[in-house]
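Encoded as structure tokens, the structure appears first; notes follow it.
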């Protein structure tokens, strides 16, 4: 994709985001309640973690400070994916109503529109205070973090976001094939919640599935292990190559599913 094409897609995204922002202001009281609920949920999660920190020394071979790193990594990746990929949750309605037919007829990449066309501004606003709080909490923890481990951590956060995009693309492909994504969406959400803790605490074959089938372990566990200088279950290089390969597979699945789409009129 050339630079001119990228600029065109950015302009389209900006228009779509502007429309969503106007809807957010129209429903400001509902969105205020939703935002308040997210704040309470985040605060309660932190409270539980700190209560655990005061009462338990280690958990599955990790100190409680190290466990907090896993949670903060989960919180950031999950929140960022919600900001950009919220439109996925509405995709099944677009398929059933025939709106996908109109998207396919437009000169803008259909996957781009469906994946990023409905950003969540509640989560976007929520990112700022939670990131600041997360950094402040991380600075209070008794951890040994090197420049190399931090650099790898930031690289693997980008890789985690790539895997999150791939998982949402796979959900979109399922939506085309079945016109129903609620089950796949909630399965992803439930498995993502399991990554609040190191995936290595689960028994096989659950552990293997969380690393390679729905790879939330690659998204959360590997970056966190590397940041706190614990021997990673899989190397950062392997996690990076897996992320690229998994994203490539998701694009193939999307294109394969489009070839089997018969339009709403059929």
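No value in this document is a laboratory result; all are computed from the given coordinates. Nothing here was measured: the structure is a model prediction, and the numbers come from that model. A quick note on method: Cβ atoms are made from the backbone with ideal geometry, for glycine too, and the neighbour counts reach across all protein chains shown.
Compute the acute angle (0 to 90°) between the alpha-carbon long axis of helix 28-55 and the principal axis of greatest extent of the alpha-carbon atoms of the chain; round to the nearest 10°.
Helix 28-55 and the main axis of the chain meet at about 20 degrees.
Taking R0 as 35 Å, what FRET efficiency do you get between residue 190 and residue 105 from their Cβ-Cβ distance, rounded to the nearest 0.05?
Plugging the Cβ-Cβ distance into 1/(1 + (r/R0)^6) gives 0.45.
Between residue 140 and residue 259, what FRET efficiency follows from the Cβ-Cβ distance if R0 is 41 Å, with the result rounded to 0.05?
Approximately 0.20, to the nearest 0.05.
Relative to the longest principal Cα axis of the chain, at what angle does helix 147-178 sit, 0 to 90 degrees, rounded to 10?
40 degrees
Could you tell me the largest-minus-smallest coordinate of the C-alpha atoms of segment 3-258 on each of the three principal axes, in descending order and whole angstroms?
For segment 3-258, the Cα spread along each principal axis is 57, 41, 37 Å.
Post the alpha-carbon centroid distance, segment 163-192 to segment 65-113, in whole angstrom.
About 9 Å separates the Cα centre of segment 163-192 from the one of segment 65-113.
What is the distance, in nm, between label points placed 7 Å from the Cα along the Cα-to-Cβ direction at residue 132 and at residue 40?
2.3 nm
Quick check on the chain: helices-only [θ] at 222 nm, where DSSP H runs of length 4 and up contribute -39,500 (n - 2.57) each and the sum goes over total residues. Nearest 500, please.
-24000 deg cm²/dmol
Using only alpha carbon pairs under 8 Å that are at least six residues apart, calculate the relative contact order of segment 3-258 and give it in whole percent.
Relative CO of segment 3-258 lands at 24 percent.
Figure the gain on full extension for residue 57 and residue 90 (residue separation times 0.36 nm, minus the Cα-Cα span) and round it to one decimal in nm.
7.5 nm
Enter the angle in degrees (range 0 to 90, nearest 10) between the Cα long axis of helix 3-26 and the first principal axis of the Cα atoms of the chain, meaning the one along which they spread out most.
80 degrees
Can you compute the modelled spin-label distance between residue 251 and residue 33, with each label point 7 Å from Cα toward Cβ, in nm?
Calculated label separation equals 4.2 nm.
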